[in-house]
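A short write-up of the structure that comes next.
Nothing in this text is a laboratory measurement; each read-out follows from the coordinates by a stated rule. From a predicted model like this one, the values you see are computed outputs, not experimental measurements. For neighbour counting, all protein chains shown are included, and Cβ atoms are generated from backbone atoms with ideal geometry for every residue, glycine included.
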Amino acid sequence: MVNVVDQRKSKFNRYKNLRENPTELLDAVIKPVQEYGVRDRVKDIADEGTFKEFELKFPETDPLEFEGYVGKKDELRDETDSHDAIIAGKCKIDGHPVVLAIMNKKFMMASMGIELGETVCHAVEYAGKHKLPLIIFTASGGARMQEGILSLMQMAKTSAVVEKFKQEGGLYIAVLTHPTTGGVSASFATLGDITLAEPGALIGFAGPRVIEQTIGEKLPEGFQRAEFLEEHGFVDAVVEREKMKEVLSKILKLHCVK
Amino acid sequence: MKAIERVNIARDKDRPKITDYIDNVFTDFFEQKGDYLGKEDASIYGGIAMFHGRPVTVLGHRKGKNVEENVTCNFGMPGPEGYRKALRLMKQAEKFGRPIITFVDTPGAYPGLEAEMYGQAQAIAANLAAMSTLKVPVIAIVTGEGSSGGALGIAVANKVYMLENAIYSVLSPEGFASILWHDSARRDEAAEVMKLTAKDLLDFGVIDEIISERGVGLSVVEKEQAGSAYDRLYARIDKQITAALAEFEGKTPESIANQRFEKFRKIDERFLDSESLVQMGNV
């Protein structure tokens, strides 16, 4: 127990020290995350060799015909090994078959546009059709600005589909990773039957800088971090990356009715 | 007209507010307050009213009509308690079979410390999810600024209408310019690029119809002139609501919920081809 508190203290101190220099803060928080990519996550969570990615084909979405947007996506596809900011498929976790989706923040900070929203819906609907539990690792800077109002509509679309899945008896586990903000936090990310979060993950609707500008003061230490949300009753548990598979496996086991 | 001019009109302080729409389109309004969870948020205004002899639930963002009201209503920027209050009213409407009419006019959900602490994201998400299943007709009218998730949080409706000079967008043009170009001063350009006018949204298939503001949209209209013109606007809104409700007359609760679900499930259909929809069988 003491260990956990100490860890949190040191984490908060790190943020505090770096607060004066936001660029450093951003680097400190994001760098380790970038090194740990979506494929690493699959390796850590799915039983070896069981992950089968959905083969979804999307036309290029660019509703605003926003300058440079399509080119940017093309570049990122080569760099990040995903077609948009999410990968989804089915796999097994300690033998439990599940649908697994993981958002990829290397791809435009995993902002949500049409393709991402549609992929989430496919994953949810596949899980519903095949009566499988659904696990989504969320991470996002929010709505994909370059897709304008259509990106906002993804919030309603994904929320509706998730709600239908849940009402039909589906189990949805949301795992909030750093950072989960904006339109994703205000839609499917916070609709889990069970909500887990990674230590130190920034989770909130508005970004810290926007809030500080609005209220005209610095935010308290640890504000909007996973531990803060746990204290305020919005997540079931903060789970370290090393223990994530074990915890997911346990939850899946607890939902097995035979 | 340039998009930024629409933005300015949509935000004009003299533009009719939710209290005007309720006073002029409905009768017997009974205001309901509170989220029943310990908080009241004046930036969401709502209750039960009569519409041509039929009880309806009506609610929306309230910006206030003078400085004092602006402050009380937090300029129409709800916290989580506002969204929870809206949800309470909507669930109650469903229980009693009342259609729901929402008026959307907000710069966005409030980005404050308490709002975050009490679950702004979760409150909006809960509304999006619950509204998608409501078994009574929901009609949303964007009357001014429909900005971000703060607008959508009460706008998951069977029919979504916009006043001619209203705007509806993922973020304010200032915010958009700031995020994408690191320069909020480029708001005029952002407003153009974002495609946030009623006409743009109709073309995208995101809204169902535009309610004309002929003669009322501009803030420079003389007060008296505006008075009668506003009456014409209220009459048009009345007509639009009447037509929408007639469409759902005699429909089963399930089919009403289903129409709304399908509307949002397929809201971006024109940007996707059907090929992508059949690939799921591969796994």
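Using only alpha carbon pairs under 8 Å that are at least six residues apart, calculate the relative contact order of segment B:3-282 and give it in whole percent. Let's see the in-between values first.
Working: 535 pairs, mean separation 47.2, N = 280.
Answer for segment B:3-282 is 17 percent.
Under a plain spin-label model, where a point goes 7 Å from the Cα along Cα-to-Cβ, how far apart in nm are residue A:65 and residue A:231?
Label at residue A:65, label at residue A:231, 5.1 nm between them.
Can you list residues from other chains, or at least 5 along the same chain, whose modelled amide H is less than 5 Å from the amide H of residue B:44?
Close amide H contacts, sequence-distant or interchain: B:62.
So if I average 1/r over every pair of distinct C-alpha atoms in segment B:1-48 and take the inverse, what Kirkwood radius in Å does that give? The partial results should precede the final answer.
Working: mean 1/r = 0.0758 Å⁻¹.
About 13.2 Å, per the Kirkwood formula over Cα pairs.
Too long at a 19 Å Cα-Cα cut-off: which of A:52/A:166; A:92/A:131; A:164/A:243; B:91/B:135; A:131/A:253; B:33/B:91? Display every interim value, and only then the final one.
Numbers: A:52/A:166 23 Å; A:92/A:131 14 Å; A:164/A:243 30 Å; B:91/B:135 9 Å; A:131/A:253 15 Å; B:33/B:91 14 Å.
The answer is A:52/A:166; A:164/A:243.
Taking the alpha carbon gyration tensor of segment B:79-187, what are the square roots of 5 times its eigenvalues, largest first, to the nearest whole Å?
Numbers: eigenvalues 141, 62, 17 Å².
Semi-axes from the Cα gyration tensor: 27, 18, 9 Å.
What do you get for trypsin sites (Lys or Arg not before Pro) in segment A:89-187 restricted to DSSP loop and a cutoff of at most 11 other Cβ within 10 Å of the site's Cβ?
On the way: sites: A:90, A:92, A:105, A:106, A:129, A:131, A:144, A:157, A:164, A:166; in loops: A:105, A:106, A:131, A:144.
Passing sites in segment A:89-187 are A:131.
Which loop chymotrypsin sites (Phe, Trp or Tyr not before Pro) in segment B:1-80, with loop taken from DSSP, have no more than 16 other Cβ atoms within 10 angstrom of their Cβ? Don't jump to the answer; show the numbers that get you there.
Working: sites: B:21, B:26, B:29, B:30, B:36, B:45, B:51, B:75; in loops: B:26, B:36.
Sparse-neighbourhood loop chymotrypsin sites (Phe, Trp or Tyr not before Pro): B:36.
Taking θ = phi - 60°, what integer Hz values does the Karplus form 6.51 cos²θ - 1.76 cosθ + 1.60 yield along segment B:91-100, in sequence order, with x for Gly and Pro?
So the J values, rounded to whole Hz, are 5, 5, 4, 4, 4, 9, x, 8, x, 10.
Based on alpha-carbon atoms only, what is the radius of gyration of segment A:38-254 relative to the globular estimate 2.2 N^0.38 Å?
So the Cα radius of gyration is 0.99 times the expected 2.2 N^0.38 Å.
Over all directions, what mean area does the Cα convex hull of segment B:3-282 project, stated in square nanometres?
Numbers: hull surface 66.3 nm².
In nm², the orientation-averaged hull projection of segment B:3-282 is 16.6.
Report, by chain and number, residues whose modeled amide H sits under 5 Å from the one on residue B:146, excluding near sequence neighbours (fewer than 5 apart, same chain).
Answer set, sorted by chain and number: B:106, B:167, B:168, B:169.
Please state the relative contact order of chain A as a whole percent: Cα pairs under 8 Å, 6+ residues apart? Please list the in-between numbers first.
Values: 423 pairs, mean separation 38.2, N = 258.
Computed value for chain A: 15 percent relative contact order.
For residue A:180, which sequence-distant residues (separation of 5 or more, or a different chain) have an amide H within less than 5 Å of its own amide H, given hydrogens modelled in the peptide plane?
A:140, A:202, A:203, A:204
Express in whole angstrom the spacing between the alpha-carbon centres of segment A:51-92 and segment B:246-276.
26 Å
Can you give the translational diffusion coefficient of segment B:1-123 in µm²/s, computed by Stokes-Einstein from the Kirkwood radius over Cα pairs at 10 °C and 1.306 mPa s?
Details: Rh = 15.1 Å.
Translational diffusion coefficient: 105 µm²/s.
What value does the protein assembly as shown have for Rg/Rh, both radii from Cα atoms and Rh as Kirkwood defines it? Working shown, then result.
On the way: Rg = 22.9 Å, Rh = 23.8 Å.
For the protein assembly as shown, the value is 0.96.
Just tell me the longest site-free run in chain B, where the sites are GluC sites (Glu not before Pro) in a DSSP loop having at most 11 other beta-carbon atoms within 10 Å. Walk me through the numbers before you get to the answer.
Values: sites that count: B:222, B:249.
So the longest stretch without any such site is B:1-221.
State, to one decimal in nm, how far the label point of residue B:192 lies from the label point of residue B:266, with both points 7 Å from Cα in the Cβ direction.
It is 3.6 nm.
Taking loop as defined by DSSP and a crowding limit of 11 other beta carbons within 10 Å, which trypsin sites (Lys or Arg not before Pro) in segment B:1-82 fit?
Details: sites: B:2, B:6, B:11, B:13, B:17, B:33, B:39, B:62, B:63, B:65; in loops: B:2, B:13, B:17, B:33, B:39, B:62, B:63, B:65.
Of the trypsin sites (Lys or Arg not before Pro), the ones in loops of segment B:1-82 whose Cβ has at most 11 other Cβ atoms within 10 Å are B:2.
Suppose R0 equals 41 Å; then what is the FRET efficiency for residue B:27 and residue A:168 from their Cβ-Cβ distance, rounded to the nearest 0.05? Walk me through the intermediate numbers first.
On the way: r = 41 Å, r/R0 = 0.99.
Between residue B:27 and residue A:168 the formula returns 0.50.
Can you work out the PRE-style zone for residue B:255? Point 7 Å along Cα to Cβ, and I want the residues of segment B:126-166 with backbone N under 19 Å.
Backbone N within reach: B:133-139, B:158-159.
Translational diffusion coefficient of segment A:115-231 at 37 °C, 0.692 mPa s, Stokes-Einstein with Kirkwood Rh over Cα pairs, in µm²/s as a whole number. It would help to have the intermediate numbers written out before the result.
Numbers: Rh = 14.8 Å.
For the chosen part, D equals 221 µm²/s.
Residues of A:55-61, mean number of Cβ from any other protein chain within 10 Å of their own Cβ, rounded to a whole number?
Numbers: counts 6, 6, 7, 6, 5, 1, 3.
Other-chain Cβ atoms within 10 Å of each residue's Cβ, averaged: 5.
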